[in-house]
Amino acid sequence: MKIAELFVSVKTDKTFYYSVPVRDAVDYRSVTVLESTISPQTVLVTWNFTGLALTSCQHHDIVIHIQHGGYSLLDTDNKTYPANFYLHRTNVEMLTISSNKSHRAVNIANPLSGSWFIAAYLPHIDDRALDCIYLLQLNVTSLVTTDVQQLQANDLVDVTLHQKDTMFKIFSGDTTWKLTIAVSDCVISGSHLDRCPIVMTVRSGALPSNDSDSITVNCTECKCIIYAVNPLVRQWLYVNLKNLKNETLTARLKANIEECGHINHNDTIVNRTHTVNDTYRPDCPPVYNLRRIENPNVRFSVQYSFGPTHEEILLALLNDAVTLLQFNIAPVKDTGGTLTLKTSLQLISEQLGQKVVLHICLRRGAIPIFNGDLRCARQDFIELSSWASRSVVRHFPYPEPGQWFFGLQGWCLPLNESSISKAEPCKQTTISFTLKTSACINLSCANTGKCYLARRGPYLLSTCKCQAGWRGYGCTDGNAVRSIAWQLAYTLLLTLTNLAFIPAIILSIYRRYFVEALVYTANMVFSGLYHACDVNSWSVYHTCVLPYHVLSYCDFFSSILSFVVTLTAMAELPPTATSLVQMINTFFLILAIEWQQHSLVTFLVPSVFCLVIVIVARGHKMFKKQQYSCREWSLLGVGVILSAVGMCLFAFAETHDNYPIVHSIWHICMALSIIFLLPCRKNPTKEESLSEFALSESPMSSDDASLLPADSLAVQSNDIKDDIIL
């Protein structure tokens, strides 16, 4: 059924447009995060996505997560989460689009109101595409209905239902655990009906829909009443009445709200034993509000307690009694960390002849109780017992904001019994638990990574940068970790293969290419240091003598400059021209590497420039009848083959998995090619030798000239003239 048929008054509420870059991501440090705020009574929200690549780079898929309330749990490299991680999320949508201007629309009818977060990233791409620019364009449009009437709790309202659906709403308080919606006294054309010809649908937090969150009753088949148990607190509950007849009917509508008692934090409850029974009701016990204790010096460091201290909470266990605690997860301030629950049974009861069973429920947004008993979904449920698991630690990564409820219900049994029906009063059993939020997982990443704070626009998140092949939210997934021997071998391979430049350095010095020798030395040193620092993602054998970005810049700069000065030397230009070409390329590389370090243009422009100079210079010499020996052509051919093999391996064969081996072969090929490409210094001609000799000799004085015979001067002059002619 179309929206226009359901609601009389629908208008466009908001339209947003975003155009943001997306990047290769392993964790949230490089994920693009956006937020869309959806108003209450929204009928339809549409997200239109378009993927773009602004450069000539190959197209890649863009992965997009849409989630209500909080940040999505990304799985950027198929990592796994430990068993004690809570992974259930609210209203998650996931899609993939291509960067070749493809479009994709996501429509959600009757969405939950509040913040929806979009996380976008590229799956792992080749390092050569890191400087490519990929964009995600997003257009968000939402439609809102204003045709909703507000109800007051416990008021009896006369309603008139036409052929269109009629919508009502009532607000759920902080401790509402049950709402009862009833329709009575239906009248059509003056006739009272025993069964109302209407369909009533109720949903908490959003307009009713056909999903499992809505409760529907056909009043022609049964009593026209709905019990909405455990509705979302601090949210609107919507009631839709659909008239099944083609004529107007009147009826009476009433909404009753049942709430639990509410007790603020106080210091006396820390040592309580039976305090919980002071205001105890059979259907719903009081809800105790935990105090929020923040550490202003550490991000995401919050502990929840009854008192002003950071001590763990101690509760006396009462048989079959439910204890409800409430705390708040603040948006942005808390949602970028990890919520940790640690609970254990402090058992003295075994000495007194009792066993203990404890049921725990940690639930967001709704009170986990029904008719006095703990009511919990499977993913929110934890069980402890004195004969099995006595303690538990549960982590909630990037917890969703809002009111959270912590419920406990325990039973004490005789030692020879295992059924709860045989429970008896508890003699002496205490429950201890700790609730807190922290960056990463207790400010650490399992000693296999480092905890970072990532700012994505206005949002701050904690994330782990894993090392030595470890993966996962807390660097706890070791499925991709290689053996220590493998890590050491590949680390040495990447670093020590740079020693292949030593022969080229020695040859350069021998042939008086001193500038080239300096560049090759710098290339060898910086490449070795860079790879010793860069292997931290898959090897424990890593060290960084300088900041990573400095080593990366120096490695790329010296590597490309080595290739450029070799080509310049092959052109055999005069010294002045050689210096000019080298400086032009140096200044270009300084700018280009700072602009786009991984771009192919950074390598191609100076290489093609120098290659053209080599071709022109050597072609000119061949035109002047200067011959190159077969040995020179052979050496040149070997050098070209080695460099071509290295370039092909680097450009086409290198992948993330074979990187250590292929990149090491690239080191060797490029270093050895210099030996064959670097030209020999030509022996000076007689003219060049005499010119150097004339410059080196000091001029004779007139007195010295007068001592020489005239015929000797003539002979020397003739000899020189003959030598010049020859």
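The values are calculated or read from the model by the stated rules, or taken from the named source; none is laboratory data. Note that the structure is a prediction, hence the values are computed from the model and not measured. Note: ideal-geometry Cβ built from the backbone for every residue, glycine included; neighbour counts use all protein chains shown. For accessibility, only protein heavy atoms count, side chains too; no ligands or nucleic acids. Shrake-Rupley method; radii C 1.70, N 1.55, O 1.52, S 1.80 Å.
Below is a table of values for the structure above.
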{"item": "Filter result (over 30 Å from LYS422 (Cα atoms) and either modelled with pLDDT of 75 or more or exposed (fewer than 15 other Cβ atoms within 10 Å of the Cβ) (or both)) within region 305-320", "result": "SER305, PHE306, PRO308, THR309, HIS310, GLU311, GLU312"}
{"item": "Options LEU636, LEU690, LEU649, LEU672: the member that is on the phi < 0 side of the Ramachandran plot and either in contact with a Gly (Cβ under 8 Å, 6 or more places away or on another chain) or at pLDDT below 75 (or both)", "result": "LEU690"}
{"item": "Single residue of region 420-434 satisfying the filter (outside any strand (DSSP E or B) and over 13 Å from ASP320 (Cβ atoms)) that is most open to solvent (accessible area, probe 1.4 Å)", "result": "LYS427"}
{"item": "Cβ-Cβ under 7 Å pairs, at least 6 apart or on other chains, region 645-668 side open to solvent by 70 Å² or more (accessible area, probe 1.4 Å), far side in a loop (DSSP other than H, G, I, E, B) and not hydrophobic (A, V, I, L, M, F, W, C)", "result": "HIS656/HIS124"}
{"item": "Residues within region 527-576 that are touching a residue at least 60 places away in the same chain (Cβ under 8 Å), part of a helix (DSSP H, G or I) and open to solvent by 50 Å² or more (accessible area, probe 1.4 Å), tallied", "result": "2"}
{"item": "Qualifying positions in region 170-217 - closer than 24 Å to GLY372 by Cβ and either small (Gly, Ala, Ser) or not in a strand (DSSP E or B) (or both)", "result": "SER172, GLY173, ASP174, THR175, ALA182, SER204"}
{"item": "Residue in region 319-329 that is free of Cβ contacts under 8 Å to residues at least 60 places away in the same chain and either over 13 Å from PHE433 (Cβ atoms) or assigned to a strand (DSSP E or B) (or both) present", "result": "no"}
{"item": "Residue in region 512-525 that is in a loop (DSSP other than H, G, I, E, B) and either within 30 Å of ASN585 (Cβ to Cβ) or among the basic types (Lys, Arg) (or both) present", "result": "yes"}
{"item": "Any hit, region 579-599, residues being part of a loop (DSSP other than H, G, I, E, B), open to solvent by 50 Å² or more (accessible area, probe 1.4 Å) and farther than 27 Å from PHE676 by Cβ", "result": "yes"}
{"item": "Extreme residue, farthest from ASN48 (Cα to Cα), among residues of region 85-115 that are in a loop (DSSP other than H, G, I, E, B) and within 21 Å of the chain's Cα centre (by Cα)", "result": "TYR86"}
{"item": "Condition check for ARG394: among the basic types (Lys, Arg), under 25 Å from the mean Cα position of the chain (by Cα) and open to solvent by less than 50 Å² (accessible area, probe 1.4 Å)", "result": "yes"}
{"item": "Subset of region 435-445 (residues that are assigned to a strand (DSSP E or B) and either over 24 Å from GLY407 (Cβ atoms) or at pLDDT below 90 (or both))", "result": "ILE441, SER444"}
{"item": "Residue in region 492-508 that is hydroxyl-bearing (Ser, Thr, Tyr), surrounded by fewer than 20 Cβ atoms within 10 Å (Cβ to Cβ) and over 28 Å from ASP75 (Cβ atoms) present", "result": "no"}
